[in-house]
1. Report those helices (runs of 4 or more DSSP H) wholly inside the range 1-102 carrying at least 1 residues which are at pLDDT 95 or above and closer than 23 Å to residue 192 by Cβ.
2. What are the residues in the range 144-163 that are at pLDDT below 95 and assigned to a loop (DSSP other than H, G, I, E, B), if any?
3. Could you say which residue among 148, 144, 136, 189 is crowded, with 19+ Cβ neighbours inside 10 Å, closer than 30 Å to residue 33 by Cβ and without any contact (Cβ under 8 Å) to a residue 60 or more places away in the chain?
4. Looking only at the range 164-199, count how many residues are part of a helix (DSSP H, G or I), closer than 29 Å to residue 53 by Cβ and in contact with a helix residue (DSSP H, G or I) (Cβ under 6 Å, 6 or more places away or on another chain).
5. In the range 215-231, is there at least one residue being under 30 Å from residue 33 (Cβ atoms), in contact (Cβ under 8 Å) with a residue 40 or more places away in the chain, within 12 Å of the chain's Cα centre (by Cα) and part of a loop (DSSP other than H, G, I, E, B)?
6. Do you know which residues across the range 7-27 are in contact (Cβ under 8 Å) with a residue 12 or more places away in the chain and more than 18 Å from the chain's Cα centre (by Cα)?
7. Among the residues of the range 125-132, is there at least one that is within 17 Å of residue 31 (Cβ to Cβ), buried (at least 16 other Cβ atoms within 10 Å of the Cβ) and in contact (Cβ under 8 Å) with a residue 12 or more places away in the chain?
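The values are calculated or read from the model by the stated rules, or taken from the named source; none is laboratory data. Since the structure is predicted, the reported quantities are computational estimates derived from the model, not experimental observations. With ideal geometry, Cβ positions are generated from the backbone for all residues, glycine too; neighbour counts draw on all protein chains shown.
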């Protein structure tokens, strides 16, 4: 079994720098609102044909419940903290698995960039009639500012959903290391991306197809990534 791991003082700066570079690259490939809006209309039409267009009813189901509004808003903003937390947990608790799982995460983010360039897409909160951006109206964790274009942020990159890709990666990482020693906990980890899916739909940040694309992106990356010995 592989037990080596890169020194933390090299690994941490590389990961932080890589994440910042990813954000800047994603922002720079913003192809503009007309293309993103046209693609959003195409996605809406396809979802209606497939009878999976649930964004509007989920969004409006939240509006009469202030507690649900704030719970989903805070979850949306804070769930990504699970990514660095999972990396730290893997680094110290599962060093033999860390390299492979970190590679899956990095490859997922790299593959996202050409997809965003090829298919820019406005999220429902901008492009779908009737969707209420309640995170902005209630200014949940600076939600109002999230509607304004600013350097380093691409507001028109909803496909695929990186919130779903990141939470799916967290679930895969936990499942892959716990499935033999703690199978119940391993399977419970998959609730995380499904809860995230509900939240990104309810808050108007993504379409169902964005969610499926985010999950498919992680699945593809797992297939493509180099594999180390994953036995316990």
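1. Numbers: elements: 8-28, 33-50, 55-62, 66-78, 82-93.
Hits in the range 1-102: 8-28, 55-62, 66-78, 82-93.
2. Hits for the range 144-163 are 144, 148, 149, 150, 151, 152, 153, 154, 155, 156.
3. Working: 148 fails: crowded, with 19+ Cβ neighbours inside 10 Å; 144 fails: crowded, with 19+ Cβ neighbours inside 10 Å; 189 fails: closer than 30 Å to residue 33 by Cβ.
Only one candidate qualifies: 136.
4. First, pick out the residues of the range 164-199 that are part of a helix (DSSP H, G or I): 164-178, 183-188, 191-199.
Imposing the further condition that a residue be closer than 29 Å to residue 53 by Cβ reduces the set to 164-172, 191-199.
Narrowing further to those that are in contact with a helix residue (DSSP H, G or I) (Cβ under 6 Å, 6 or more places away or on another chain): 164-171, 192-193, 196-197, 199.
Looking only at that region, the number is 13.
5. Within the range 215-231, not a single residue is under 30 Å from residue 33 (Cβ atoms), in contact (Cβ under 8 Å) with a residue 40 or more places away in the chain, within 12 Å of the chain's Cα centre (by Cα) and part of a loop (DSSP other than H, G, I, E, B).
6. If the condition is that a residue be in contact (Cβ under 8 Å) with a residue 12 or more places away in the chain and more than 18 Å from the chain's Cα centre (by Cα), then 8, 11 are the ones that fit.
7. Taking the range 125-132 and keeping what is within 17 Å of residue 31 (Cβ to Cβ), we get 126-127.
From what is left, the residues that are buried (at least 16 other Cβ atoms within 10 Å of the Cβ) are 126-127.
Next, from what is left, pick out any that are in contact (Cβ under 8 Å) with a residue 12 or more places away in the chain: 126-127.
Yes, some residue in the range 125-132 is within 17 Å of residue 31 (Cβ to Cβ), buried (at least 16 other Cβ atoms within 10 Å of the Cβ) and in contact (Cβ under 8 Å) with a residue 12 or more places away in the chain.
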